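The values are calculated or read from the model by the stated rules, or taken from the named source; none is laboratory data. Just so it is clear, the model here is predicted, and its values are computed rather than measured. Here the Cβ positions follow ideal geometry from the backbone for every residue, glycine too, while neighbour counts run over all protein chains shown. Ligands, DNA and RNA are stripped out before the accessible areas are found, and what is left, the full protein with its side chains, is counted by its heavy atoms. Shrake-Rupley method; radii C 1.70, N 1.55, O 1.52, S 1.80 Å.
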Amino acid sequence: MIQGKKLITVLGATGSIGVSTLDVVARHPDRYAVFALTAHRQVDKLFTQCLAHHPAYAVVASADDAARLQAMLERAGCCTEVLSGSQALVDVASAPEVDMVMAAIVGAAGLPPALAAARSGKRILLANKEALVMSGALFMQEVVAGGASLLPIDSEHNAIFQGLPAGFERGLGGSGVTRILLTASGGPFLNKPIDELAAVTPEMACAHPNWVMGRKISVDSATMMNKGLEVIEAYWLFGAPAEQIEVVIHPQSVIHSLVAYADGSVLAQLGNPDMRTPIAHAMAYPERIDSGVKPLDLFEIGRLDFQRPDFERFPCLGHAYRVLREGGIAPAVLNAANEVAVASFLDGRLGFDRISDIISATLDAIERREADSLDVVLDADRRARECASGFVERASR
Ligand code: NAD
Ligand code: MG
């Protein structure tokens, strides 16, 4: 903390969540200052962010990019120190000066720094759902052992967190909560004839009707794997068993999720679909601060619709429930196979309708075991990637 300000590290600063986070930070210069910003390869964008926020550190993947960014910053008179590589991500997530860490790297690459933040007792603002899906049990253990606090950024989980009773601890027993209702927009292909899905392009899949997001999560929303990952995320965050987590399609994305209680009450959190709301909530919790989000106008929205998800149209959702019930390394295998399949689709090497086939073939091929250490999880992740890549190659021949 410096002079009463909270110091934040933003992992994945150049992404969609990173940019929204920095927008909230910039609205409250009296409350927050930036300790470190990280990006994979977007040096120019990170440069601009460094000039605006003056972090002590910036991190990029390669040493060459680090040298280039360092020279650019020196020429501009900015004294940010530039680091590179995966250990640097861990270091800026766990440095003693840091109060909170926005975990907004996409995919498995975000797991090590998020775990480091947990071990060193930070307030973790968790957007990187893949980390929790891969290693939920280990992650939650590290949060407890490190004395960290975990606040969900995913809009659904943030909404659920807001709807749960004060002081809620994992596990629904005794809390009076009977169900968690996870809303889903249904993505851009909710009503598209199923036989047209084979021909959809990355641009069509990334054109989400309500949210502007990174490309990987946009494709996940189109297959509804995103909702599947979120069911698993809800299991770890709130301790709700699979049977008590229900997915509800709500195309307007105004209700971000709901919590049902034994007395018949159902509490919902509503708002415009803008990630700055959950980000500002988690940053300031338990206080409330301005996020820059437009006030909700119910008259403009007019109506709210709901429908059941179709597991035939969205087989990835079924895969996610399956691995959640199985436990062990199964969710890590699902996540890795999905990352490979989505990247292959985005590169034009795999049809959209084959993503779920790659995942189910990989799940069938990898032998199961308990996820009792990080090494086991990372090994399952590596083997599943190899296996899924083989299936993609065969599918694209
Ligand atoms: P994005 O693709 O826009 O940004 C990803 C960020 O991660 C970038 O800063 C990129 O430089 C960095 N990155 C990518 N690969 C990396 C690697 N190998 N090593 C280090 N850094 C790397 O993604 P996003 O939409 O901002 O999503 C980020 C995370 O937040 C994802 O896990 C996503 O599921 C989750 N999330 C996003 C939204 C949203 O609205 N965008 C909502 C809920 C959850
Ligand atoms: Mg979400």
Expressed in angstrom and rounded, the centroid-to-centroid distance over alpha carbons for the stretch 167-245 and the stretch 40-96 is 33 Å
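Seen from all sides and averaged, what is the projected area of the convex hull of the Cα atoms in the stretch 91-144, in nm²? Numbers along the way, then the final one.
Working: hull surface 12.3 nm².
Seen from a random direction, the Cα hull of the stretch 91-144 projects 3.1 nm² on average.
Give the residue list of trypsin sites (Lys or Arg not before Pro) in the stretch 280-388 that are DSSP loop and have at most 12 other beta-carbon atoms within 10 angstrom.
On the way: sites: 288, 303, 313, 322, 325, 349, 354, 368, 369, 382, 383, 385; in loops: 288, 303, 313, 349, 368, 369.
Those that pass, being in a loop and sparsely packed, are 288, 303, 369.
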Descending packing, highest mean Cβ count within 10 Å first, for 331-338, 272-279 is 331-338, 272-279
Rounded to the angstrom and largest first, Cα extents along the principal axes for the chain equal 57, 55, 44
Taking the dipole of the stretch 6-152 about the Cα centre (Lys, Arg +1; Asp, Glu -1; charges at Cβ), the one of 107, 84, 20 that reaches farthest to the positive side is 20
Computed about the Cα centre, the charge dipole of the chain from +1 Lys/Arg and -1 Asp/Glu charges at the Cβ has a magnitude in debye, to the nearest 20, of 340 debye
Within the stretch 39-144, DSSP-loop chymotrypsin sites (Phe, Trp or Tyr not before Pro) with at most 16 other C-beta atoms within 10 Å are none
Burial-style ranking of 186-192, 112-118, 150-156, average other-beta-carbon count within 10 Å with highest first, yields 112-118, 150-156, 186-192
Relative contact order of the chain (C-alpha contacts under 8 Å, at least 6 apart) in percent is 14 percent
Taking every DSSP bridge whose two residues both lie in the chain, the antiparallel percent to the nearest 5 is 30 percent
The stretch 95-243: spread of alpha-carbon positions along the three principal axes, whole Å, largest first, is 49, 38, 22
Trypsin sites (Lys or Arg not before Pro) in the stretch 1-91 lying in a DSSP loop, each with at most 16 other Cβ atoms within 10 Å of its Cβ, come to 31, 41
Simple SL model, points at 7 angstrom along Cα→Cβ for residue 81 and residue 303; separation in nm is 6.0 nm
One checks the Cα atoms of the stretch 243-397 and finds Rg and Dmax, in Å, of 19.7, 56
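Quick one: in the stretch 6-152, what % of C-alpha pairs are over 25 Å apart?
Working: 2266 of 10731 pairs.
For the stretch 6-152, the fraction of Cα-Cα distances above 25 Å is 21 percent.
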Result for the chain: accessible area per residue, probe 1.4 angstrom, in square angstrom, of 42 Å²
